[in-house]
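Below: the structure, in structure tokens.
The values are calculated or read from the model by the stated rules, or taken from the named source; none is laboratory data. This structure is a prediction, so every number in the text was calculated from the model and none was measured. Reconstructed Cβ throughout: ideal geometry from the backbone, glycine too, with neighbour counts over all protein chains shown.
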Amino acid sequence: MARHIGVVAPPFPSHFRALQALADALIERGHRVTFLHQQEAARWLDSPQVSFSAVGHTSHPPGALARSLRLAAQPGGPLGLRRLIADLSHTTDMLCRELPRALDELGIDALICDQMEAAGGLVAEASGRPFVSVACALPVNREPGLPLPVMPFAYGRSERHQQVYAGSERTYDLLMAKHRRTVARHAALLGLSPRSGLHECLSPYAQISQTVAGLELPRRDLPAHFHHVGPLRPSATSQWETEPRLSPDKPVIFASLGTLQGHRFALFRRIVRACAALDVQLLVAHCGGLDRRQEERLLQEGAIQVTDVFPQRAVLSRADAVITHGGLNTVMDALVARTPMLVLPLAFDQPGVATRVQHAGVGLRASPRVDGHRALSGKLKTLLGETGFATALARLGEEVEAAGGTPRAADIVEEALRS
């Protein structure tokens with residue numbers, strides 16, 4: 001039975017891209033899919049099949065998304081973090097207020113809800129619509145004995161580790177107090193049982209994650225309806241239209257800090273200096289974060305090519321190592337390509353991704369704030385020289401390829417809607 005499915009997600013490019021791949025797969029099966037958010041978020045969709053419906057015209061006027069992205073990219077100190085959390089709360093409040101009427105007017109039967117936006121799950125549950133939760137970033141499902149994804153802790157089972165994890169969870173909830181109050185208030189207004197955290201707004205029907213179990217820290221308490229499917233990607237292959245002229249005799253390093261962090265020129269310079277010391281070929285993708293003058297500076301200091309976007313899966317298949325901020329999309333693509341990673345976590349769940357990369361033996365982590373170019377060079381040399389990473393990458397790469405990806409996620413959505 002064909003359904004009209006709504007999608008609710010944070011207005012970030014990487015989240016929209018992953019969910020658009022799932023939307024396209026569902027549309028090919030006869031369903032209709034509409035994303036709902038502030039008008040400016042429509043820019044992240046480029047599929048002609050996918051519909052978009054704008055909400056929040058008054059509370060989120062033109063210019064609001066640019067401000068939100070600046071806060072997300074570089075919140076700064078405690079005051080900036082408070083502004084970011086207030087902005088997230090403002091968006092959740094808007095969606096909780098405006099989605100109920102929009103869903104009714106559009107005739108939406110079911111929802112796909114990004115785990116990072118509580119409003120989708122709240123409104124779906126209150127309206128009696130079936131919904132599926134999708135973790136485009138690391139899953140927010142909490143479990144005793146595991147650090148939250150946003151925390152930079154190594155994994156351990158000792159009593160000391162457990163104390164640190166529990167204390168950091170209390171600290172996180174305190175920092176997120178404004179957002180938690182927003183969720184609790186709307187849960188009450190919608191007639192739902194009390195809840196306040198993102199992890200309390202997940203689907204009882206199906207939960208989908210872009211990770212695989214082998215990348216996760218040891219989980220013991222995931223629900224039976226939780227599914228690791230690997231990366232959500234379109235079926236089209238990633239190809240280089242004009243591949244740079246690369247020497248077969250020198251290793252290739254690919255560096256990308258993602259869409260929101262591509263403006264970090266000083267960090268890119270440190271990466272260039274680290275690679276110059278190893279006599280490797282460095283390709284830099286800044287996702288539009290640098291200007292032409294900064295591109296030229298990186299080229300003068302040793303990078304082979306600097307551009308806004310590379311075809312990521314193609315360049316990873318050619319690279320001998322990747323330097324990444326720890327965005328889950330890049331990490332999962334690197335696993336498929338069997339490319340070892342040096343992770344420099346900057347924000348959000350990236351510290352948790354770095355912990356998992358190192359724990360799984362598929363890469364190393366470094367500090368983007370503390371480690372200088374010599375320390376980065378040393379870790380890159382280890383990645384290029386040690387064979388143990390290849391064994392772990394082969395195992396995890398095979399697991400990702402067998403996980404099912406977008407077609408498997410579409411199967412799960414359809415099964416949840418049928419049941």
Against the definition (at negative phi, part of a helix (DSSP H, G or I) and touching a Ser or Thr at 6+ places or on another chain (Cβ under 7 Å)), how does residue 86 come out, yes or no? no
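Name the residue that is farthest from residue 119 (Cα to Cα), counting only residues in region 207-218 that are crowded, with 20+ Cβ neighbours inside 10 Å and in contact with a Pro (Cβ under 9 Å, 6 or more places away or on another chain).
Of all residues in region 207-218, those crowded, with 20+ Cβ neighbours inside 10 Å come to 207-212, 215.
Right, trim to in contact with a Pro (Cβ under 9 Å, 6 or more places away or on another chain) and you get 207, 209-211.
Working: 207: 16, 209: 19, 210: 21, 211: 23 Å.
Looking at residues that are crowded, with 20+ Cβ neighbours inside 10 Å and in contact with a Pro (Cβ under 9 Å, 6 or more places away or on another chain), I get 211.
If I filter region 353-397 down to residues being among the β-branched types (Val, Ile, Thr) and surrounded by 19 or more Cβ atoms within 10 Å (Cβ to Cβ), which single residue comes out as farthest from the chain's Cα centre (by Cα)? Walk me through how you get there before you give the answer.
Step one: filter region 353-397 for residues among the β-branched types (Val, Ile, Thr), giving 353, 355, 357, 362, 370, 382, 387, 391.
When the remaining residues are screened for being surrounded by 19 or more Cβ atoms within 10 Å (Cβ to Cβ), the result is 353, 355, 357, 362.
Working: 353: 10, 355: 15, 357: 14, 362: 18 Å.
Across region 353-397, the extreme among qualifying residues is 362.
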Mind counting the residues in region 66-86 that are crowded, with 17+ Cβ neighbours inside 10 Å and farther than 22 Å from residue 265 by Cα? 2
What number of residues within region 56-65 satisfy the criterion of being buried (at least 19 other Cβ atoms within 10 Å of the Cβ) and in a loop (DSSP other than H, G, I, E, B)? 2
Among the listed residues 271, 208, identify the single one that is under 27 Å from residue 359 (Cα atoms), out of contact with any Cys (no Cβ under 6 Å at 6 or more places or on another chain) and at pLDDT 95 or above. 208
Of the conditions (1) outside the structural domain of residue 20 (by TED's automatic domain parsing); (2) in contact with a helix residue (DSSP H, G or I) (Cβ under 8 Å, 6 or more places away or on another chain); (3) not hydroxyl-bearing (Ser, Thr, Tyr), the single one that residue 409 does not satisfy is (1)
Taking the condition more than 20 Å from residue 179 (Cα to Cα), touching a residue at least 24 places away in the same chain (Cβ under 8 Å), surrounded by fewer than 16 Cβ atoms within 10 Å (Cβ to Cβ) and assigned by TED's automatic domain parsing to the domain that holds residue 112, does residue 30 pass? yes
Report whether or not residue 351 is assigned to a loop (DSSP other than H, G, I, E, B), assigned by TED's automatic domain parsing to the domain that holds residue 279 and in contact (Cβ under 8 Å) with a residue 24 or more places away in the chain. no
Residue ID - farthest from residue 178 (Cα to Cα), chosen from residues in region 52-93 that are among the hydrophobic types (A, V, I, L, M, F, W, C) and touching a His at 6+ places or on another chain (Cβ under 6 Å): 88
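Do you know which residues across region 337-347 are in a loop (DSSP other than H, G, I, E, B) and surrounded by 23 or more Cβ atoms within 10 Å (Cβ to Cβ)? Walk me through it before giving the result.
Residues of region 337-347 in a loop (DSSP other than H, G, I, E, B): 338-340, 344-347.
Passing the criteria: 339, 340, 344, 345.
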Sort out which residues of region 96-133 are among the small types (Gly, Ala, Ser) and either under 16 Å from residue 3 (Cβ atoms) or crowded, with 23+ Cβ neighbours inside 10 Å (or both), and write them in order of number. 107, 110, 118, 119, 120, 121, 124, 127, 128, 133
Would you check if residue 334 is closer than 17 Å to residue 155 by Cα and either surrounded by fewer than 24 Cβ atoms within 10 Å (Cβ to Cβ) or of a type in the set (A, V, I, L, M, F, W, C) (or both)? no
Return the residues of region 7-37 that are over 20 Å from the mean Cα position of the chain (by Cα) and outside any helix (DSSP H, G or I); say none if nothing qualifies. 29, 30, 31, 32, 33, 34
Boolean, residue 326 is free of Cβ contacts under 8 Å to residues at least 12 places away in the same chain and either assigned to a helix (DSSP H, G or I) or in contact with a strand residue (DSSP E or B) (Cβ under 7 Å, 6 or more places away or on another chain) (or both): no
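For the condition more than 16 Å from residue 251 (Cα to Cα) and either touching a residue at least 24 places away in the same chain (Cβ under 8 Å) or not assigned by TED's automatic domain parsing to the domain that holds residue 27 (or both), what is the one hit in 321, 394, 390, 314? Before the answer, list the steps.
Values: 321 fails: more than 16 Å from residue 251 (Cα to Cα); 390 fails: more than 16 Å from residue 251 (Cα to Cα); 314 fails: more than 16 Å from residue 251 (Cα to Cα).
Result: 394 is the single residue among 321, 394, 390, 314 that is more than 16 Å from residue 251 (Cα to Cα) and either touching a residue at least 24 places away in the same chain (Cβ under 8 Å) or not assigned by TED's automatic domain parsing to the domain that holds residue 27 (or both).
Can you tell me which residue among 203, 193 is in a loop (DSSP other than H, G, I, E, B), at pLDDT 95 or above and surrounded by fewer than 14 Cβ atoms within 10 Å (Cβ to Cβ)?
Values: 203 fails: surrounded by fewer than 14 Cβ atoms within 10 Å (Cβ to Cβ).
Of the residues listed, the single one that is in a loop (DSSP other than H, G, I, E, B), at pLDDT 95 or above and surrounded by fewer than 14 Cβ atoms within 10 Å (Cβ to Cβ) is 193.
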Can you spot a residue in region 34-49 that is in contact (Cβ under 8 Å) with a residue 24 or more places away in the chain, touching a Phe, Trp or Tyr at 6+ places or on another chain (Cβ under 6 Å) and surrounded by 22 or more Cβ atoms within 10 Å (Cβ to Cβ)? yes
